[in-house]
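Peer 1: Take a look at the following structure, please.
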C-alpha cells in the first residue's frame, strides 16, 4: 500500500511540477552606445555574456535596443524574476565587473541603474519573468505627484478588470520604481510582436478607464507626466540559463 501511495505521489509531481516562487525584483541598466562603436559594443557584450555562461550564472539577462523616442539607440539590459536578495549573491561580483570593464565599458556611457518592483496583482501577464520575451515591448513611464500612489494603483485595478475582458489585449506588466530615479514612478510594459499588433490593440491606460469616471479621475489627478518608447529584443545579446 505504501509503495502504491509513493507511486501515485511521484506521478502527480511529474504531471504537476512544483513552480519556483517568482521574485519581484527587476533591475534595469541603461547605456548610451558611443558613436561609431555599435559593432564593437555588441561583440564585447557577447563576450561578456560568455563570461556569465562559463561561470554558471543562474540569473537571466535580457538585452534590448531602444528603437524610438528620445533614447533611440540606447542599450538596456535587465535581470528580472528574482528576489532582491539574489543581487547580494551574484557569481563572482569582482570578476564580473572586471570582465565588463574590459569588454563593454570602452564602448558605452552608462546612463542609469534602476531597481523596480513587479506588481503582479495589477499585471495581466509577466512575459519576462516567465522567460517568454516578445520581439518588441512598448514601454511607458508614469511620473506621479507625491502622495497619489494609492489613487493611481486603485485606477490600475480598474484597468486590470477592463483588460481581462478585452479580446486580443496583449500582456500588460506593471512595475513600481524602488531606487535609481525620481519617485514616485511606475513603468508599464506592453508585450508586442510587431507594428501590426497596434492594429489589433492600441488603447492606453486613460482609454481603458474611459468607462469609469472615478477611476479616470484618480488616474489623471495622480499622473504628472508620461513618456513612451519601444524596445527591440536581441536574443543574441541576452542570456536565459
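Peer 1: How high is the relative contact order of region 144-221, given as a whole-number percent (alpha carbon pairs under 8 Å, six or more residues apart)?
Peer 2: 39 percent
Peer 1: Moving on. Taking a ≥ b ≥ c as the square roots of the eigenvalues of the Cα gyration tensor of region 126-180, is the shape rounded (a/c under 1.5), prolate (a/b larger than b/c) or oblate? Show your work: numbers first, answer last.
Peer 2: Details: a/c = 2.43, a/b = 1.29, b/c = 1.89.
Note, shape of region 126-180 comes out oblate.
Peer 1: Using alpha-carbon pairs under 8 Å, 6+ residues apart, how would you state the relative contact order of region 78-176 in percent? Spell out each step's value before the answer.
Peer 2: Working: 47 pairs, mean separation 45.0, N = 99.
Computed value for region 78-176: 45 percent relative contact order.
Peer 1: Suppose only helical runs count, i.e. DSSP H with n ≥ 4. What mean residue ellipticity at 222 nm does that imply for the chain under -39500 (n - 2.57) per run, divided by all residues and rounded to the nearest 500 deg cm²/dmol? Could the numbers behind the result be given before it?
Peer 2: Values: 7 runs with 76 residues, N = 241.
Mean residue ellipticity at 222 nm (helix-derived): -9500 deg cm²/dmol.
Peer 1: If you take the square roots of the eigenvalues of the alpha-carbon gyration tensor of region 100-158 and sort them as a ≥ b ≥ c, do you get rounded (a/c under 1.5), prolate (a/b over b/c) or oblate? Write out the running numbers ahead of the final one.
Peer 2: Details: a/c = 3.05, a/b = 1.64, b/c = 1.87.
Oblate, since a/c reaches 1.5 and b/c is not below a/b.
Peer 1: If packing is taken as the mean number of other Cβ atoms within 10 Å per residue, what is the order of 47-54, 175-182, highest first? Each step should come with its number before you reach the end.
Peer 2: On the way: 47-54: 15.4, 175-182: 17.0.
The densest-packed peptide leads the list: 175-182, 47-54.
Peer 1: Okay, next question. Which of rounded, prolate, oblate describes region 51-126, given a ≥ b ≥ c as roots of the alpha-carbon gyration tensor eigenvalues and a/c under 1.5 marking rounded, otherwise prolate only if a/b is larger than b/c?
Peer 2: Judged from the Cα gyration tensor, region 51-126 comes out oblate (a/c at least 1.5, b/c at or above a/b).
Peer 1: So what's the gap between the Cα centers of region 84-137 and region 168-214, to the nearest angstrom?
Peer 2: 20 Å
Peer 1: Below 8 Å between Cα atoms, with a sequence gap of 6+, how large is the relative contact order for the chain in percent? Walk me through the numbers before you get to the answer.
Peer 2: On the way: 419 pairs, mean separation 69.1, N = 241.
Normalised by residue count, the contact order of the chain is 29 percent.
Peer 1: I'd like the Kirkwood hydrodynamic radius of region 155-241, using the inverse of the mean 1/r over distinct C-alpha pairs, in Å.
Peer 2: Details: mean 1/r = 0.0667 Å⁻¹.
About 15.0 Å, per the Kirkwood formula over Cα pairs.
Peer 1: Follow-up. Using 0.36 nm times the number of residues separating residue 221 and residue 157, minus their current alpha carbon distance, what extension gain do you get?
Peer 2: Numbers: separation 64, 0.36 × 64 = 23.04 nm, distance 1.59 nm.
Extending this stretch completely gives an extra 21.5 nm.
Peer 1: Please report, in Å, the Rg and the Dmax of the chain, where both are computed over Cα atoms only.
Peer 2: Rg and Dmax of the chain, Cα atoms, are 20.3, 71 Å.
Peer 1: Calculate, in whole percent, how much of the Cα-Cα pair population of region 32-84 lies beyond 16 Å. Please list the in-between numbers first.
Peer 2: Values: 715 of 1378 pairs.
When every Cα pair of region 32-84 is considered, 52 percent fall beyond 16 Å.
Every number in this text was worked out from the coordinates using simple rules, so none of it is lab data. These numbers were taken from a predicted model, which means no experiment stands behind them. Neighbour counts are summed over all protein chains in view; Cβ atoms, including those assigned to glycine, are modelled from backbone coordinates with ideal geometry.
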